[in-house]
Amino acid sequence: MAQSPQRFRDQAQIDAAAAKAKPPSSEDGAILRRIADALERLAPAPPPAPDFTAADAFVWHPDGKRLGPVRRVNRVDMTLLKGIDRVRDLLVENTERFARGLPANNALLWGARGMGKSSLVKAAHAAIGAAYPVPGLKLIEIHREDIESLPELMAMLRSAPQRFIVFCDDLSFDAEDTSYKSLKTMLEGGIEGRPHNVIFYATSNRRHLMAREMMENERSTAINPGEAVEEKVSLSDRFGLWLGFHRCSQDEYLAMVEGYLAHYRIPTAGAELRREALEWATTRGARSGRVAWQYVQDLAGRMGVRTDDGRQTTDD
């Protein structure tokens, strides 16, 4: 079949363009390399690999994808934690198993305010970390508002030789909050799951991490009341170890005060001191370890005794 004149003209144009084309020269290659180098300089630098030997504790900063080392942790000596013997022993035992590479549970410390929940986590880390220095037990604090960045933190820790306690203080969720899903996936679930060298400890005033009135409201307005709160309540079920902290008795409160006084060598005044300590608690409407510490701070200040041996410093 004869080909049309138009087809001949099109082919001629293609042949002419091919004839004019020339292979890339060395000058062209140099230009391309300069362009690639410029684009590489414009791209953000990858975050530096964390130096886990820099400290025993760190604070997670998700914006910069970095861990800020804490040179001196704000902690209370284990011997000063009074009235919580049972939960203390349970958490220390769980932490020791984890440090030894044995199975251990994520822990939720819940209950009354000021009874030493976060202090116990930090004290347990100090005690067990000192006993198992190799490969090292590190404490990493993640703030409540940064929970959604947990997958990024887990990716950073997964291949490290050290073992890590990821700690969130005062954890709770509001009705419209969905960040708890990242925590659920990390605790149990997801394809990768929780790294073998990571355990999660959290403290909360709420046993189910959400306020009771929120649970009741969702039950009353949902089409299926049971399913309405099941997803959020199931988060607390993913903590294998629940440790309850309850209000202390008067004797336990006074024992806390006396323990602090002895530790800091503050001169005591017998019955007068007890009366004053109880009056201090009455004016605050509660007896707790925090209230005992606040009273001792006030007394030490009046008597000119320093108690600043546990200040926290970070490299930020």
Could you tell me how many cubic angstrom of Cα convex hull volume region 250-314 has per residue?
96 Å³
Would you mind getting me the FRET efficiency between N74 and A286? Use the beta-carbon distance for r and R0 = 25 Å, nearest 0.05.
0.70
Using each residue's phi in region 73-84, evaluate 6.51 cos²θ - 1.76 cosθ + 1.60 at θ = phi - 60° and report the 3J(HN,Hα) Karplus result to the nearest Hz, with x for Gly and Pro.
7, 7, 9, 10, 4, 4, 5, 8, 8, 9, x, 10
In the neighborhood of H143, defined by Cβ-to-Cβ distances under 10 Å, what is the net charge if each Lys or Arg adds +1 and each Asp or Glu adds -1?
-4
For F245, which sequence-distant residues (separation of 5 or more, or a different chain) have an amide H within less than 5 Å of its own amide H, given hydrogens modelled in the peptide plane?
W110, G111, A112
Cβ-derived FRET efficiency at R0 51 Å, R113 paired with L42, nearest 0.05:
0.55
Around M78, with a cut-off of 10 angstrom between Cβ atoms, what is the net charge of the other residues, counting Lys and Arg +1 and Asp and Glu -1?
+2
Per residue of region 246-262, in order, report the coupling 6.51 cos²θ - 1.76 cosθ + 1.60 (Karplus, θ = phi - 60°) as ³J(HN,Hα) in whole Hz, putting x for Gly and Pro.
10, 4, 8, 7, 5, 5, 5, 4, 5, 5, 5, 4, 5, x, 5, 4, 5
Mind giving me the FRET efficiency for H196 and D308? R0 is 41 Å, r the Cβ-Cβ distance, nearest 0.05 is fine.
0.60
Taking 0.36 nm per residue of separation between E276 and R86 and subtracting their Cα-Cα distance, the length gained on full extension comes to 65.5 nm
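A short reminder: the numbers here are calculations on the coordinates, not readings from a lab. Only a predicted model underlies this, so the values are computations on that prediction, with no experimental measurement involved. Please note: Cβ atoms are built from the backbone with ideal geometry, for glycine as well, and neighbour counts cover all protein chains shown.
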